[in-house]
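Here's the structure we're looking at; comments come further down.
The values are calculated or read from the model by the stated rules, or taken from the named source; none is laboratory data. Because the structure is a prediction, the values reported are computed rather than measured. FYI the Cβ positions are ideal-geometry reconstructions off the backbone, even for glycines, and counts take in every protein chain you see. Ligands, DNA and RNA are excluded from the accessible area calculation, which covers all protein heavy atoms including side chains. Shrake-Rupley method; radii C 1.70, N 1.55, O 1.52, S 1.80 Å.
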Amino acid sequence: MKFLFLRFKFFHYKLLFYIFYLVIQCILDILNKPGSNFSMSSLPKDFFFNAEMNDSVISLSSVSSDSVSSESSPSISDNFLTINENDLNEDILRKEIEKCNRMIRITKECSQERMRLVRRLVELRFKLEMVTEIKALENKDQLNETKVVFGHHLSFVWKPNWLENKMCDVCTKTIWKYMHQLYECSDCGYYCHIFCLDKIKRVCTAVLASEHSMILNITPSNGLLSQDYKCAECQSYIRIRNTKMSSEDTLSLEARLCDYDGKFYCPLHHWNNTALIPARVLCNWQFEKKCVSQASFQLLNYNYKSKMYDLEKHNPKLFTYLESLNRIKNIKNSLVKMKKYLVLCKVWNAQLKNVSSRCHELLYDSILYSMKDMVEIQSGLFLEDLQRVNDICEKHIRYECEICKNQGYICELCQKDTIIFPFDEDAHCCDKCDNVYHYQCWKNRDFCPKCKRIKIRSKLQEL
């Protein structure tokens, strides 16, 4: 089946190329210039049906630039109408593409020669893509094996299910859905062409997230000098501006700053993608997205829903200046006290299947927050959901469940019949015996009746 799929894919390439010839024919008919020799008869007889690429044509190297620039030699331009090269490799094709580019520059603009050379350039580039991919597909039996490269668990994708074309994380070129085969990392979503597999240099984001903690301080840039004017990932030479500093500077690339780690990267590893910076959110409660490198972008997206930030530890002043955070803290403390009832309640445990995942997440999570939680806190959605969960749990304990209701307390200081619970706003728990009283009653009296009874009982036992 895989072999048939590849055969169909090559046939699809030929079909696209055939449509391209029809478009060129229509353009030439519209121009209607004398001396136009182009016709569909110039195509090879087996062009449409032969899925193998074994043709022959005159090489571009045999044509001089002077002959191409002349419009009075239609026979020479006919040499560039079809692809018939035999046993071509990548090096030869790349040289031919460079020659074709030079010849296009010296031809007259909008001339017939330039149109045919442009089409020839498209043919050569298409041929280069085919040769490169066929070379990568030689070992078809090994495609189904998961390859581990720098922590990436790369699986071969035969039929992509995404709608938009992806970008290769190695060469930064487009991965065309119906024309290219690719590998995808099952852990971090890393994409690459099959012929870019040996060029991977970036460690898997899942490995970095497990071995290193997040940067929680706003990292200032130390300048390119600290990096020896090299990209932090691929070690290629980079510069601050996009203009060449001297005639000898032919290898350096534009330097782009990553706001997350404060390092400079080349355009191949910094695509100007923006993301929320955890340090800016924790320190300044700033939710403006900043430009980050591709490695940092994948790391921040990977940890976007991970609960790993303790706001009270990193910046306790946020609870003083933000009223919403203070309310969230109080509601979470109430839910912690409610869980003592809900964990032991058989009725609640039987209803856990009907509880939404969002309610379960807010009820049983810890004091840690994720970047997603902080974004929802900023928008007010987190507080609304948390208040809704608090109302559901309180309603179950106070009114619906008799088992939980019977575990309430009666204030021994005022002797009122009202049942109180530890999570009530006007309730106070004794630090020693955990008995519950009204806050005003506890404030007026400095002793706990239950603690007093425990002391008396312990003295009697000693006697």
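Side notes on the structure shown:
- Normalised alpha carbon radius of gyration of the range 296-344 [divisor 2.2 N^0.38 Å]: 1.53
- On the beta carbon distance between K201 and K416, with R0 = 45 Å, the FRET formula returns roughly 0.05.
- Within the full protein context, the accessible area of L363 is estimated at about 10 Å² for a probe radius of 1.4 Å.
- Take the Cβ atoms of F287 and T172, set R0 to 35 Å, and the FRET efficiency comes out at 0.80.
- Virtual spin-label span in nm between E402 and M179, 7 Å along Cα→Cβ: 7.4 nm
- Each of K450, K353 has its accessible area taken with a 1.4 Å probe; listed largest first, they run K353, K450.
- Sorting T107, T174 by solvent-accessible area of protein heavy atoms yields T174, T107, largest first, with a 1.4 Å probe.
- Amide H to amide H, with H built 1.01 Å from N, N273 comes under 5 Å of V292, counting only residues 5 or more places away or on other chains.
- Rounded to the nearest 10 Å², the accessible area of F319 at probe 1.4 Å: 20 Å²
- For C192, nonlocal amide neighbours, meaning residues 5 or more places apart or on other chains whose placed amide H falls under 5 Å from its own, are D169, Y183.
- Solvent exposure, largest accessible area first (probe 1.4 Å, DNA, RNA and ligands not counted), of W176, W271: W176, W271
- Interchain or long-range residues, amide H under 5 Å from V149's placed H: L154
- Surface calculation, 1.4 Å probe, protein heavy atoms: S210 sits at approximately 90 Å² accessible.
- Residue-wise HN-Hα couplings along the range 273-281, as the Karplus relation 6.51 cos²θ - 1.76 cosθ + 1.60 with θ = phi - 60° gives them from phi, are 6, 10, 7, 6, 9, x, 5, 6, 6 Hz; Gly and Pro carry x.
- Using the empirical formula 2.2 N^0.38 Å as the baseline, the Cα radius of gyration of the range 338-459 reaches a ratio of 1.30.
- DSSP beta bridges fully contained in the range 187-308 are about 75 percent antiparallel.
- Full-stretch length increase - F447, N272 - with 0.36 nm per residue and alpha-carbon distance subtracted: 56.6 nm
- Alpha carbon convex hull of the range 398-437, projected area averaged over orientations, nm²: 3.1 nm²
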